[in-house]
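Report on one structure; see the data block that follows.
The values are calculated or read from the model by the stated rules, or taken from the named source; none is laboratory data. All of these numbers come straight from a predicted model, not from anything done at the bench. In this analysis, Cβ positions are derived from the backbone assuming ideal geometry, glycine residues included, and neighbour counts consider all displayed protein chains.
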Amino acid sequence: MKRDGSGLAAVTTIKRFRRQIPEQWNPWLLDASSLTRRLQGHCCGRFQVKIVSEQLQRPTVEEAMRLSVSPARLALVRQVVLCCQGEPWVLAHSVVPLSSLKGELLRLKRLGEHPLGAFLFAHPQLQRSGFELFSVAMAVVSDRFQLESVGDRFAAEAPLWGRRSRFCIGDKSLLVSEIFLPGLQDHDRSGCDDAAAIA
């Protein structure tokens, strides 16, 4: 991924937006439990992890600072879209330093379409930092996450809201950013169709 400030790298300028956040997003942005498990519970159909990119590259200077690593060191950078029945709900960007890809965390190199959150929250030693909250325009991330097919209705809704936190398992850490899309709120308002609900 080209990291020229026009893509997700621009998101890493974190600001404190707590008073500006629309109230309906607070339950999602401030919930410290497993986002994967919560999305699966809300999804009335097939929950899917769509891999956009997964490669070794240098983190941004700001990401490296949050992870306490050198920006010259490589990290596994993974970008995915979390979908329900093909509808994009959440954009996720994770940065795992190579120094963390040891022992049990070697499995992170082979996640494929399995959700990262399912692995992390199953670990008994998992610790999580507080959240850093941010807003970003849809236009900034749409091309990076291949969301051109979503249509103009998302682009017209600005800003998008997201959060970032650091996960630690022992002395190994990784950084995860999550951006919430309007389709998730649409679902919250409409609920599930009984015919589509999964037992």
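The residue that is nearest to the chain's Cα centre (by Cα), counting only those in region 61-76 that are without any contact (Cβ under 8 Å) to a residue 12 or more places away in the chain and assigned to a helix (DSSP H, G or I), is A64.
Taking E178, is it buried (at least 19 other Cβ atoms within 10 Å of the Cβ) and either at pLDDT 95 or above or not polar (S, T, N, Q) (or both)?
Values: buried (at least 19 other Cβ atoms within 10 Å of the Cβ): yes; either at pLDDT 95 or above or not polar (S, T, N, Q) (or both): yes.
When the stated conditions are applied, E178 passes them.
Considering (1) in contact with an Asp or Glu (Cβ under 7 Å, 6 or more places away or on another chain); (2) farther than 21 Å from S135 by Cα; (3) at pLDDT 90 or above, the lone condition that L35 does not fulfil carries the number (2). Output the number of the condition that R16 fails; it satisfies all remaining conditions of (1) modelled with pLDDT of 95 or more; (2) part of a loop (DSSP other than H, G, I, E, B). Among (1) modelled with pLDDT of 95 or more; (2) part of a loop (DSSP other than H, G, I, E, B), R16 violates only (1).
Residue pairs whose Cβ atoms lie under 8 Å apart, sitting 6 or more positions apart in sequence or on different chains, and linking a residue in region 118-140 that is within 12 Å of R164 (Cβ to Cβ) to a partner that is hydroxyl-bearing (S, T, Y) and not in a strand (DSSP E or B), are F134/T13. Filtering S173, S99 for residues that are in a helix (DSSP H, G or I), under 18 Å from V69 (Cα atoms), of a type in the set (S, T, Y) and modelled with pLDDT of 85 or more leaves a single hit, S99.
Is it the case, given these coordinates, that V150 is surrounded by 17 or more Cβ atoms within 10 Å (Cβ to Cβ), modelled with pLDDT of 90 or more, among the β-branched types (V, I, T) and within 23 Å of F47 (Cα to Cα)? It is false that V150 is surrounded by 17 or more Cβ atoms within 10 Å (Cβ to Cβ), modelled with pLDDT of 90 or more, among the β-branched types (V, I, T) and within 23 Å of F47 (Cα to Cα). Annotation note: of Q79, Q85, the sole residue that is over 10 Å from the mean Cα position of the chain (by Cα), modelled with pLDDT under 95 and surrounded by 12 or more Cβ atoms within 10 Å (Cβ to Cβ) is Q85. When the residues of region 41-60 are filtered to those that are more than 16 Å from H93 (Cβ to Cβ) and hydrophobic (A, V, I, L, M, F, W, C), the one that is nearest to the chain's Cα centre (by Cα) is F47.
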